[in-house]
Structures are given as C-alpha cells and as structure tokens.
C-alpha cells in the first residue's frame, strides 16, 4: 500500500507539473520518495483536530503540493494544495489545509465526529523528493451509561450498560457474584458493553452499584440501579396479578350491588304512587253518594 501511495504522488505531481512544463516535472522527482510509515491518532468527540504530513521532515526546498486522500466511514474524498493555493476539495465538510504551529501545513478538522473516522493518507512533495504518511484515525467518544434491575427466569440481576463508546468502556462491580458481560460493536465502530450480576433480593439490588471507567473521563463514574415501578412489579408478578384480580372482583361486586339498589328504589317509588291515587279517588266517590242521597230526600219532601 505504501508503494501505491508513492506511485500516486508521482502520478499526481506529473499531472500538476505538466502545467509548468516537462523539465520542471523531471527535476522534481529525480529523488526517490521517502515513506515515513503509518501513524495512529484518536481525537475526542467534538474537538478540533490537526494532522500534518511534514512533521518528520524539515526542508528549505520549495513545496510543490500536498494532497490528502480520506477514506472515511461514509465517503472517500480528497483535499489538496499546490504552490500554496488550496485548489482541491471533494470533501466539502469543513476540513481545510491551513498553516498550523511553527508554520507547518496541517489538515484542520473543525469538529471531530463519528463520520471522520477512517484512514487518511498524505502525500507531501517538494523539490527534493516526496514524503508519505498513512494515518489510522479513530475517535474517543464517552459512553451513555445506565443501570437497572430485571428478572431473568427465577433470578434477579442488576444490569449496567455503557453504550456507543470508543474505545470500549470498562465495567466493574463492588460485590461478588455471578457476572456476565456482553459486547456489541456497531456498524460505525462504536462499542456497547453490558454487564450484569445476580442478586438475591430487591433490597440487595438497591444497594448494588457498578463502576464505569473510560479514557474520555478524568474520573470513573459510579451508578446505582434505577428501580422504578415497572421494574419493582416485575420482581413480584404473582402477587401483583392476585392483587389486581381481587380488586377487579371487588369493584364488580360493588357495581352489581349499586345497580340492584337503584332498581329496588325505583320499584318502591312506583308502588307508592299507585297507593296515593286510590286514596284520593275513594273520598270523591263517597261524596258523590252523599250528595245524591240528600238530593233524593229533598225531592221526596216536596212531593
């Protein structure tokens, strides 16, 4: 691969050097290209990053061009400069070539993110030869941490989880027990680790904590499980189901009694209205009979 990049330097320089004439191109690459090998770098999420391919060589020769080939997580692109002018950028994501400390030309990344992870190769050509570097760029990203209690069959376990970190986080426990660890690497290279330890009771789980360490933090993080209602219920499902069933039966019983009470009350009201109607009619009938009797007696008197 290094030889490939050396050849690439020569080809690119010939393409650019053709504009200045064949004599200039032949003079430039009369010396063999020097390869300074492979470098590794890791940058914190969200911070600025500077990469340079001339920190291993100091020369007073004229710099002909610098070109970076970026093989990133989601794309491949190039950024280059010739004769001090930035004239190539197929990345279009904010990266640029600029003068860094001590006048060195650096590739500046304004805000390092997950998408910037990848392999970067730099070709630096000057009048006396050429230099090549290959960078393996990674990210230092802190994990999202959480802890809870859950049931696994007839067992209770406390779980600690550190999600999407780079490099992987380390989880340790302050208690002894049966510990299991599961690790998952995402498609973007970020790693999630989940560690769990068995406990005997819910009270013991509440007093169990885990310690999570990561290079992004200056100090380790100690967390205790978050025991909410749903997790507490999961520890005592038979008792919960029995309580719910008794409550439902009790409520249905009250509902039935209430309906029966309403029906009985309405029936009593209807019966009372019927009796009152009879009592009002009987005096009227008696009065009519008395009037008729008096009327008949008066008629007999005049006859």
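Every number here is computed from the coordinates shown, using simple stated rules; none is lab data. The structure presented is a predicted model; accordingly, all values stated were derived computationally and were not measured. Backbone-built Cβ (ideal geometry, glycine too); neighbour counts: all protein chains shown.
In square nanometres, what is the average projected area of the Cα convex hull of the range 86-179?
If I average the Cα hull's projected area over directions, I get 11.1 nm².
What's the percent breakdown of Cα-Cα distances in the range 144-235 across 10 Å bins, shortest bin first?
All Cα pairs considered, the percentages come to 17, 48, 28, 7.
Within the range 164-191, what residues put their amide N at less than 18 Å from the label point 7 Å along the Cα-to-Cβ vector of residue 226?
Answer for the range 164-191: 164-165.
Ordered by packing density, taken as the mean number of other Cβ atoms within 10 Å over each peptide's residues, highest first, how do 117-126, 260-269 rank?
With the highest mean Cβ count within 10 Å placed first, the list reads 117-126, 260-269.
Quick one: if the Förster radius is 30 Å, what FRET efficiency do residue 44 and residue 202 give, using the C-beta to C-beta distance and rounding to 0.05?
So, using R0 = 30 Å, E works out to roughly 0.15.
How long is the gain from residue 168 to residue 256 if the chain were fully straight, where each residue apart is worth 0.36 nm and the alpha carbon distance is subtracted? Don't skip to the end; give the middle numbers.
Working: separation 88, 0.36 × 88 = 31.68 nm, distance 6.13 nm.
Going from the current span to full extension adds 25.5 nm.
What FRET efficiency would be calculated for the residue pair residue 102, residue 219, taking the C-beta separation as r and a Förster radius of 35 Å, to the nearest 0.05?
The pair residue 102/residue 219 has a calculated efficiency of 0.55.
Would you mind pulling out the separation of the Cα centroids of the range 131-153 and the range 63-110, in Å?
The two parts, judged by their Cα centres, are 28 Å apart.
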